[in-house]
Amino acid sequence: MSGPIYFYKYVVTPQVFFKSKYTYALVNLKPLVPGHVLIVPLRTQVVRLSDLTPDESTDYFNTLQLIQKFISWHFKADSLNIAIQDGPEAGQTVPHLHTHIIPRYRTNNIGDQIYDKLDDWRFQSWDERRSEYLAIGGREGRKKLAKPDDQRIARSQEEMAQEAMELERQLAEFTVTSA
């Protein structure tokens, strides 16, 4: 990858494991679970989703879909959270558009315990699942189980660079096998 890649004002080049014309994917500094990655536009002036040009938008969502499939395959995830916090009132902490991809499992007994109650869901219709989710407290109920940000430990540049290289290698394998 030529030249530095920025996430807002932070150089994240060693964390990047995929780059397209307008978008990149990187490993997360403080992942909630293994495989928690971010999709980010290369242009740092893109703060909100609506700031993407039509070409950037197409590339962004093509990248998002590719990396979503890859993360699901690589981490053998049963489901994924795909989240955009679009603006500070929505919880966006860095003024640069980014999308979180977070692997989720039926049984999640590692790391952050935020989704323990959701792991017990049975495969049923979306309406039934949504009702069950709301009955257990929905988003507010999950927050009680989350580890606060100040208790999550930032990883070293070396750890993130190593993970990025491994994901880049695995992504190359994935694109060959899924073609």
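Once you list every other residue whose beta carbon is under 9 Å from the beta carbon of E56, what net charge do they have if Lys and Arg are +1 and Asp and Glu are -1?
With Lys, Arg at +1 and Asp, Glu at -1, the net is -1.
Give me T177, T44 ranked fewest to most by other Cβ atoms within 10 Å of their Cβ, as a rough exposure proxy.
Ordered from fewest to most neighbouring Cβ atoms within 10 Å, T177, T44 come out as T177, T44.
Work through the residues other than K19 whose Cβ is under 12 Å from its Cβ and net out their charges, Lys, Arg +1 and Asp, Glu -1.
-1
Multiply the residue separation of E159 and D55 by 0.36 nm, subtract the distance between their alpha-carbon atoms, and state the gained length in nm to one decimal.
34.1 nm
Where the centroid of each part is defined by its Cα atoms, how far is segment 74-90 from segment 1-57 in Å?
The distance from the Cα centre of segment 74-90 to that of segment 1-57 comes to 14 Å.
Calculate the FRET efficiency for A172 and Q92 from the Cβ-Cβ distance with a Förster distance of 30 Å, rounded to the nearest 0.05.
0.45
Values quoted throughout were computed directly from the atomic coordinates according to the rules given, and no laboratory measurement underlies them. In this text the structure is predicted, and so the values were computed from the model without any measurement. When we count neighbours, we look across all protein chains shown, and the Cβ atoms used for this are built from the backbone with ideal geometry, even at glycine.
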